[in-house]
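S.K.: I'd like to ask you about the structure that follows.
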Amino acid sequence: MHDFRPDHPGPIDGWPDAGFDAVLHLLDRQIVDSNGQLVGKVDDIELVEDPDGRLVPTALLVGMAALLPRFGAHAFRSWARLAPAFAERYQPGVVEIDLVDDVTSGVHLSVERDGLLRSRIDEVGHPVRHRLSTLLAMRVDLPPDAGAASHHARVLDVRLRSRAGASGVQVGALLVGRGRPGSMLGYERSPERGPWLIASVVRWLHRHSRLVEVGDGVEVDWDAGVVRVAAGAAVRPVVDRSADGPA
Amino acid sequence: MKRYLAVALGVLTAIGGFVDIGDLVTNALVGSRFGMSLGWAVVVGVAGICIFAEMSGRIAAVSHRATFDLVRERLGPRVGLLNLVGSIAVTLLTFIAEIGGVALALELVTSVYYLAWVPVVALLVWLVLWRAKFSLMENVLGLLGLSLIVFSVAAWQLHPDWGHLGHQMATADKPLGESWTTYAYYAIALFGAAMTPYEVFFFSSGGVEERWTTKDIVTMRTNVFIGFPLGGILSLSIAAAATTVYSPLGISVDTLGQVGLPVAVALGKIGLAIVILGFVAATFGAACETGLSVGYSLAQYGGWQWGKYVKPQLAGAFHATIVVSVLLAAGVLMTMVDPILVTEFSVVFSAIALPLTYFPILVVANDPDYLGEHTNGRVTNVLASGYLVLIVIASVAALPLMVITKMGQ
């Protein structure tokens with residue numbers, strides 16, 4: 001048994017320092033260990049606020065305790081209640097992001113899988129940990145001048161960019177749009193991608209989606225579950241209108 | 001020899017899609033009632049499965065991702081779960097029917113009641129899925145299943161009026177005694193059987209099992225463009241043989257014995273022996289395909305280790321689902337439910353599973369992050385988009401037609 005990787009490097013060419021979209025390129029991907037054996041899916045991603053207030057991905061979360069909250073609090077509680085005494089019912093397995101060797105169509109680790117997944121045991125004074133899925137469930141309050149996405153806007157994807165002066169990536173921008181149906185499947189990234197039918201429908205559904213640059217005027221309120229975007233924050237359309245002709 | 005066996009995966013996949021126990025009976029039934037007037041539905045289905053199986057195989061070769069990985073990556077866990085439930089229902093119902101189908105075929109040889117065979121067959125299927133090497137399984141079952149080609153020989157030996165059959169097929173000439181709703185129901189049933197989702201689960205996972213890389217794209221295409229048309233030819237031959245023998249007598253086919261009878265009429269005992277061998281191999285092959293596909297789709301959704309390319313003890317959860325499926329299948333069959341009827345209910349779940357399986361395949365086949373320079377060309381995209389629309393229409397129409405026609409009566 002050996003790690004059998006695809007010839008093609010994508011989607012994150014230059015891991016760990018290259019930018020990518022967290023949902024499109026990492027969430028729900030297959031995790032593979034150093035022997036090529038399958039570990040699990042990226043059920044969620046842990047985000048930590050660094051001292052400067054920037055959000056940095058620190059770990060992949062694996063297991064029902066990471067997956068089920070994405071189906072809703074009720075599904076998670078019902079499952080946890082089946083064996084309430086066990087802590088692992090509530091706390092997902094953690095794969096530190098440093099253990100990720102490369103990301104192709106799968107997530108390749110530099111270690112073996114046996115005994116790998118443990119829950120986090122945090123000491124006092126640990127950093128504040130969040131989950132990507134929490135961010136994805138948040139409502140986004142956009143200023144009126146941002147465009148028609150201001151009703152029922154949600155975070156659809158999180159764009160990660162390489163960090164200035166440090167290794168790794170940080171949250172750089174939020175892809176914001178109507179909650180359903182789902183993400184843009186990567187169609188915002190290259191205007192020529194086919195087939196025409198799907199590309200047109202996706203671009204039309206997301207004609208009001210916006211890219212919100214994280215920085216001044218953008219506040220993520222984790223307790224209230226809201227992202228507040230003030231007037232004057234950097235907000236721009238995701239779909240390049242010039243490619244579609246007149247709107 | 002190895003070069004010829006390289007197409008075994010495509011052949012075995014197609015056998016599971018086109019001539020499993022439900023299809024064997026449906027093809028003969030349609031032939032006896034509608035002549036060749038529904039032949040076009042098989043041809044349309046063959047072209048469709050070729051297009052999508054080629055895409056799923058290409059994705060497996062270049063990115064090493066099987067189809068249910070893509071379903072979860074592109075549709076997310078919620079919609080992915082909906083597809084998982086639909087797909088597993090289709091696959092498991094077919095798996096149950098196949099074990100019954102092997103037992104029915106063995107009853108034809110031994111005259112021992114099929115229920116006595118069910119536990120034996122279930123045990124054998126499980127042993128093959130647990131112990132046999134993937135390549136051995138696909139080569140033996142694929143080759144033996146090819147003996148169903150005897151239907152083509154029989155159809156030729158029965159000296160039908162080829163001009164009439166061809167005319168029926170080309171003009172979709174519905175017999176006067178049948179209603180348009182029944183005709184549409186069987187058209188969708190044949191199209192759905194040709195494009196049944198476990199074919200792409202099995203084909204793409206088989207590609208990963210065989211460790212395909214970008215270099216194997218040609219092998220993969222040979223598999224697709226030989227395997228599936230061959231399945232279509234078998235399907236049409238069964239219908240043609242049934243048309244020639246049963247149509248003039250006004251008999252409607254509903255048992256496996258009746259399906260094989262035209263071969264005996266045309267070719268005598270030798271033909272009968274070959275056709276029964278073909279029945280056993282095809283239903284056994286379809287049982288292996290569907291049994292593995294249940295494990296593949298569940299494991300790929302959950303991220304567990306799957307596959308026969310690793311030792312069984314390294315893929316415990318995957319093999320456990322197969323054990324549970326086998327026990328469930330034997331248990332359901334022991335209630336004396338008609339195995340052929342079981343497959344007819346899978347149409348309902350196909351309606352959910354078909355669009356939700358082929359949509360993510362088409363999206364990923366266009367994604368250079370997965371495929372680099374091997375993304376879809378323009379022609380493939382135009383055809384595949386057309387088929388996606390067709391699949392959605394068929395899915396929406398399937399359930400109402402099933403109710404209106406009382407399952408095609």
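S.K.: Can you find even one residue in the range B:391-400 that is on the phi < 0 side of the Ramachandran plot, within 14 Å of chain A (Cβ to nearest Cβ) and buried (at least 21 other Cβ atoms within 10 Å of the Cβ)?
M.R.: Taking every residue of the range B:391-400 in turn, at least one turns out to be on the phi < 0 side of the Ramachandran plot, within 14 Å of chain A (Cβ to nearest Cβ) and buried (at least 21 other Cβ atoms within 10 Å of the Cβ).
S.K.: Would you mind telling me which numbered condition in (1) within 23 Å of B:G39 (Cα to Cα); (2) modelled with pLDDT of 95 or more; (3) not aromatic (F, W, Y) B:C288 fails?
M.R.: (1)
S.K.: Please go through the range A:1-38 and pick out each residue that is more than 7 Å from chain B (Cβ to nearest Cβ) and part of a strand (DSSP E or B).
M.R.: A:F20, A:D21, A:V32
S.K.: Looking only at the range B:333-347, count every residue that is within 18 Å of B:V25 (Cβ to Cβ) and either touching a His at 6+ places or on another chain (Cβ under 7 Å) or of a type in the set (A, V, I, L, M, F, W, C) (or both) and tell me the total.
M.R.: Going through the range B:333-347, the residues within 18 Å of B:V25 (Cβ to Cβ) turn out to be B:333, B:336-347.
Now restrict to residues that are either touching a His at 6+ places or on another chain (Cβ under 7 Å) or of a type in the set (A, V, I, L, M, F, W, C) (or both): B:333, B:336-337, B:340-342, B:345, B:347.
The total comes to 8.
S.K.: Quick check on the range A:50-68: of everything there that is assigned to a loop (DSSP other than H, G, I, E, B) and either farther than 30 Å from A:A164 by Cβ or out of contact with any strand residue (DSSP E or B) (no Cβ under 6 Å at 6 or more places or on another chain) (or both), which residue is farthest from the other protein chains (Cβ to nearest Cβ)?
M.R.: We begin by selecting, within the range A:50-68, every residue assigned to a loop (DSSP other than H, G, I, E, B); these are A:50-54, A:63.
Checking the rest, the ones that are also either farther than 30 Å from A:A164 by Cβ or out of contact with any strand residue (DSSP E or B) (no Cβ under 6 Å at 6 or more places or on another chain) (or both) come to A:51-53, A:63.
Values: A:P51: 33, A:D52: 31, A:G53: 29, A:G63: 10 Å.
Among them, the one singled out is A:P51.
S.K.: Of the conditions (1) surrounded by fewer than 24 Cβ atoms within 10 Å (Cβ to Cβ); (2) in contact (Cβ under 8 Å) with a residue 60 or more places away in the chain; (3) more than 14 Å from chain A (Cβ to nearest Cβ); (4) not in a loop (DSSP other than H, G, I, E, B), B:T283 clears all except one; give me its number.
M.R.: So B:T283 meets the others, but not (1).
S.K.: Check off (1) within 14 Å of chain A (Cβ to nearest Cβ); (2) modelled with pLDDT of 95 or more for B:K311 and give me the number that stays unchecked.
M.R.: Condition not satisfied by B:K311: (2).
S.K.: Looking only at the range A:105-115, which residues are surrounded by fewer than 18 Cβ atoms within 10 Å (Cβ to Cβ) and either in contact (Cβ under 8 Å) with a residue 24 or more places away in the chain or not small (G, A, S) (or both)? Steps first, please.
M.R.: First, pick out the residues of the range A:105-115 that are surrounded by fewer than 18 Cβ atoms within 10 Å (Cβ to Cβ): A:110-112, A:114-115.
Answer for the range A:105-115, where residues must be surrounded by fewer than 18 Cβ atoms within 10 Å (Cβ to Cβ) and either in contact (Cβ under 8 Å) with a residue 24 or more places away in the chain or not small (G, A, S) (or both): A:S110, A:V111, A:E112, A:D114.
S.K.: Condition check: crowded, with 18+ Cβ neighbours inside 10 Å, within 26 Å of B:R65 (Cα to Cα) and within 14 Å of another protein chain (Cβ to nearest Cβ). Does A:V100 satisfy that? Let's see the steps before the verdict.
M.R.: Numbers: crowded, with 18+ Cβ neighbours inside 10 Å: yes; within 26 Å of B:R65 (Cα to Cα): yes; within 14 Å of another protein chain (Cβ to nearest Cβ): no.
The answer is no for A:V100.
S.K.: Residue check: is B:E373 among the acidic types (D, E) and in contact (Cβ under 8 Å) with a residue 60 or more places away in the chain? Break it down into steps so the answer makes sense when it comes.
M.R.: Values: among the acidic types (D, E): yes; in contact (Cβ under 8 Å) with a residue 60 or more places away in the chain: no.
No; evaluated as a whole, the condition is false for this residue.
S.K.: Here's a follow-up. For the range A:1-24, how many residues meet the condition of being out of contact with any strand residue (DSSP E or B) (no Cβ under 7 Å at 6 or more places or on another chain) and at pLDDT 90 or above?
M.R.: Within the range A:1-24, residues that are out of contact with any strand residue (DSSP E or B) (no Cβ under 7 Å at 6 or more places or on another chain) and at pLDDT 90 or above number 0.
S.K.: What number of residues within the range B:360-388 satisfy the criterion of being more than 8 Å from every other protein chain (Cβ to nearest Cβ) and within 20 Å of B:G192 (Cα to Cα)?
M.R.: Qualifying residue count, the range B:360-388: 5.
S.K.: Let me confirm something: among B:V25, B:V71, which residue is in contact (Cβ under 8 Å) with a residue 60 or more places away in the chain and either in contact with a Gly (Cβ under 7 Å, 6 or more places away or on another chain) or within 14 Å of chain A (Cβ to nearest Cβ) (or both)?
M.R.: Details: B:V25 fails: either in contact with a Gly (Cβ under 7 Å, 6 or more places away or on another chain) or within 14 Å of chain A (Cβ to nearest Cβ) (or both).
Result of the check over B:V25, B:V71: B:V71.
S.K.: A further question follows. Looking at the range B:40-65 only, could you name the residues that are out of contact with any Leu (no Cβ under 6 Å at 6 or more places or on another chain), more than 18 Å from B:G372 (Cβ to Cβ) and among the aliphatic types (A, V, I, L, M)?
M.R.: Once the filter is applied, which keeps residues that are out of contact with any Leu (no Cβ under 6 Å at 6 or more places or on another chain), more than 18 Å from B:G372 (Cβ to Cβ) and among the aliphatic types (A, V, I, L, M), the range B:40-65 yields B:V43, B:V44, B:V46, B:A47, B:I49, B:A53.
S.K.: Here is a further query. Testing A:S209 on (1) modelled with pLDDT under 90; (2) farther than 17 Å from A:P237 by Cβ; (3) in contact with a Leu (Cβ under 8 Å, 6 or more places away or on another chain), one condition comes back false. Which one is that?
M.R.: (2)
S.K.: Please work out if B:W130 is assigned to a helix (DSSP H, G or I), in contact with a His (Cβ under 8 Å, 6 or more places away or on another chain) and under 15 Å from B:T290 (Cα atoms).
M.R.: Details: assigned to a helix (DSSP H, G or I): yes; in contact with a His (Cβ under 8 Å, 6 or more places away or on another chain): yes; under 15 Å from B:T290 (Cα atoms): yes.
Answer is yes for this residue.
S.K.: Of (1) within 14 Å of another protein chain (Cβ to nearest Cβ); (2) part of a strand (DSSP E or B), A:S105 satisfies all except one. Which?
M.R.: (2)
S.K.: Just the residues that are surrounded by fewer than 21 Cβ atoms within 10 Å (Cβ to Cβ) and either within 14 Å of chain A (Cβ to nearest Cβ) or over 22 Å from the mean Cα position of the chain (by Cα) (or both), please, taken from the range B:81-116.
M.R.: B:L81, B:L82, B:V85, B:E107, B:L108, B:V109, B:T110, B:S111, B:V112, B:Y113, B:L115, B:A116
S.K.: Oh, and also: Evaluate the following for A:L47: is it more than 14 Å from chain B (Cβ to nearest Cβ) and either aromatic (F, W, Y) or in contact with a strand residue (DSSP E or B) (Cβ under 7 Å, 6 or more places away or on another chain) (or both)?
M.R.: Values: more than 14 Å from chain B (Cβ to nearest Cβ): yes; either aromatic (F, W, Y) or in contact with a strand residue (DSSP E or B) (Cβ under 7 Å, 6 or more places away or on another chain) (or both): yes.
Criteria met by A:L47.
S.K.: Name the residues in the range A:185-213 that are in a helix (DSSP H, G or I), within 10 Å of chain B (Cβ to nearest Cβ) and crowded, with 16+ Cβ neighbours inside 10 Å, would you?
M.R.: Answer for the range A:185-213, where residues must be in a helix (DSSP H, G or I), within 10 Å of chain B (Cβ to nearest Cβ) and crowded, with 16+ Cβ neighbours inside 10 Å: A:L197, A:I198, A:A199, A:V202.
S.K.: Further question on the same structure: Does B:R33 qualify as being out of contact with any strand residue (DSSP E or B) (no Cβ under 6 Å at 6 or more places or on another chain), among the charged types (D, E, K, R) and within 14 Å of chain A (Cβ to nearest Cβ)? Lay out the reasoning, then the answer.
M.R.: Details: out of contact with any strand residue (DSSP E or B) (no Cβ under 6 Å at 6 or more places or on another chain): yes; among the charged types (D, E, K, R): yes; within 14 Å of chain A (Cβ to nearest Cβ): no.
Here the answer is no, as B:R33 does not meet what is asked.
S.K.: Would you be able to say whether some residue in the range A:69-76 is free of Cβ contacts under 8 Å to residues at least 24 places away in the same chain, crowded, with 21+ Cβ neighbours inside 10 Å and within 13 Å of another protein chain (Cβ to nearest Cβ)? Talk me through it step by step, then tell me what you get.
M.R.: Step one: filter the range A:69-76 for residues free of Cβ contacts under 8 Å to residues at least 24 places away in the same chain, giving A:71-76.
Among the residues that remain, those that are also crowded, with 21+ Cβ neighbours inside 10 Å are: none.
Within the range A:69-76, not a single residue is free of Cβ contacts under 8 Å to residues at least 24 places away in the same chain, crowded, with 21+ Cβ neighbours inside 10 Å and within 13 Å of another protein chain (Cβ to nearest Cβ).
S.K.: Here's a follow-up. Go over the candidates B:S56, B:S63 one by one and state the one that is closer than 19 Å to B:L388 by Cβ and hydroxyl-bearing (S, T, Y).
M.R.: Working: B:S63 fails: closer than 19 Å to B:L388 by Cβ.
On inspection, the qualifying residue turns out to be B:S56.
Residue-wise test of (1) at pLDDT below 95; (2) within 14 Å of chain A (Cβ to nearest Cβ).
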{"site": "B:T181", "(1), (2)": "yes, no"}
{"site": "B:Y186", "(1), (2)": "yes, no"}
{"site": "B:F191", "(1), (2)": "yes, no"}
{"site": "B:A194", "(1), (2)": "yes, no"}
{"site": "B:S204", "(1), (2)": "no, yes"}
{"site": "B:W212", "(1), (2)": "yes, yes"}
{"site": "B:D216", "(1), (2)": "yes, yes"}
{"site": "B:P229", "(1), (2)": "no, no"}
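S.K.: Going by what's in this entry, would B:R58 be described as basic (K, R) and within 14 Å of another protein chain (Cβ to nearest Cβ)?
M.R.: Working: basic (K, R): yes; within 14 Å of another protein chain (Cβ to nearest Cβ): yes.
Yes: the conditions hold for B:R58.
S.K.: For B:R3, work out the one condition from (1) closer than 30 Å to A:H25 by Cα; (2) modelled with pLDDT under 95 it doesn't fulfil.
M.R.: Evaluating B:R3 over (1) closer than 30 Å to A:H25 by Cα; (2) modelled with pLDDT under 95 leaves (1) as the failure.
The values are calculated or read from the model by the stated rules, or taken from the named source; none is laboratory data. Note that the structure is predicted; figures quoted are calculated from it, not measured. Glycine also receives a Cβ, built like all others from the backbone with ideal geometry; neighbour counts cover every protein chain displayed.
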